[in-house]
1. So for the range 80-164, what percent of the C-alpha to C-alpha distances run longer than 21 Å?
2. If I stretch the segment between Arg133 and Arg273 completely, what's the gain in nm (0.36 nm per residue apart, minus their alpha carbon distance), one decimal?
3. So what are the ³J(HN,Hα) numbers for the range 71-83, from phi and the Karplus equation (6.51, -1.76, 1.60; θ = phi - 60°), rounded to whole Hz, Gly and Pro as x?
4. Amide H neighbours of Leu101 under 5 Å, counting only residues 5+ apart in sequence or on other chains, H built in-plane at 1.01 Å?
5. Taking Cα centroids, how far is the range 124-179 from the range 248-282 in Å?
6. To check you understand DSSP bridge types, tell me what percent of the beta bridges within the range 141-294 (both residues inside) are antiparallel, rounded to 5.
7. HN-Hα J couplings of the range 238-248 from phi, Karplus 6.51/-1.76/1.60, θ = phi - 60°, integer Hz, Gly and Pro as x?
8. Over the range 191-303, calculate the relative contact order: mean separation of alpha carbon pairs under 8 Å at least 6 apart, over the residue count, as a percent.
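Derivation of every value follows stated rules applied to the coordinates shown; laboratory data play no part. Owing to the predicted nature of the structure, the values given are computational and were not obtained by experimental measurement.
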Amino acid sequence: MWGKRRQGSRRGQQRYTLLNVDLPAEKVRQQRLRWAARTAGFVLGAVVLFVGVWHGGGFLLKSGFYQNDHFSVRSVDIRTDGVIQSSQIQAWARVQKGDNLFGLDLQRVKRDLEMVPLIETAAVDRVLPETLRLRITERQPLAQVIGYKQQGDGNLRRVRYWIDGQGVVIPPIDPKLTTTDALPKWMPLIVGLSQAELMPGRGIDSAQLSAALELIRQIDLSPMAGLAHLRQIDVSRRETMEVVTWQGGRMTFALHGLDRQLSRWRQIHDLGRQHHRAIATADLSIKNNLPVKWALASRTSTE
């Protein structure tokens, strides 16, 4: 019994040994070449398919969109919240009728428009099949500042700039490029800024200027609305600013707490009217026992 098991085990080992015979080297080489040829064929086919789809898709895009006269710009829809003429906005956008609507780089158009100092934001959209839509938000000036430019002959030329609510310097627009009655009303004059900071299109990083612009915004909504009109604001000081009104009064403001100071201004103004006096000077930056100088009774009672 044990002899039969041993004999059967030996036969299994012999069968296993016969099946584990190594293939000839030539057959192994041929097999590897076939695998390499199949892999190369697959890769080549994929590359050819990709190139075909790429060029075919490009041809379809060109013939169907980029070179299709059906998508030519025939109308430029321009709307602005300000005074710049639509023709000037289109010239800054460098868009002509007949340009392909899909060939236009909308980001380039938006960038070119927003690089104009007079424009704050621009939205550019395609309206198929033939319209380009431009929506413009213009910078709204709050104040003005006087600068000086050196001319070719060495002389200095006086230049007036505008400043918007973010402190961005705006060059005055040519009246020929605006709609009717486009010139702004009188704006307070800012003095005390460095001439090197007066670069059109760039913002001025100044706490004093920011406070002056905030004062201009608040005064028409404050208790002093209609009672005082700002003529000039000096921002050359570090902690305070000096305001001159059209009525001749001089007021000193701290950079912070403008609403509180405007309320105190109104209280002092009402007190002066009761005694038929007007404010000549007042330092509102001082919280307690602030100094006030009264004008002569013959002067107007509003600051």
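1. Working: 1591 of 3570 pairs.
Looking at the range 80-164, the distances longer than 21 Å represent 45 percent of pairs.
2. Numbers: separation 140, 0.36 × 140 = 50.40 nm, distance 5.56 nm.
Gain on extension, Arg133 to Arg273, equals 44.8 nm.
3. 10, 6, 6, 10, 8, 10, 8, 10, 9, 9, 8, x, 10
4. Ser72, Val73
5. Taking the Cα centre of each part, the range 124-179 and the range 248-282 sit 35 Å apart.
6. Details: 24 of 32 bridges.
That works out to approximately 75 percent antiparallel.
7. These are the phi-based 3J(HN,Hα) values: 7, 10, 9, 9, 10, 10, 10, 9, 5, 8, x Hz.
8. On the way: 180 pairs, mean separation 25.1, N = 113.
22 percent.
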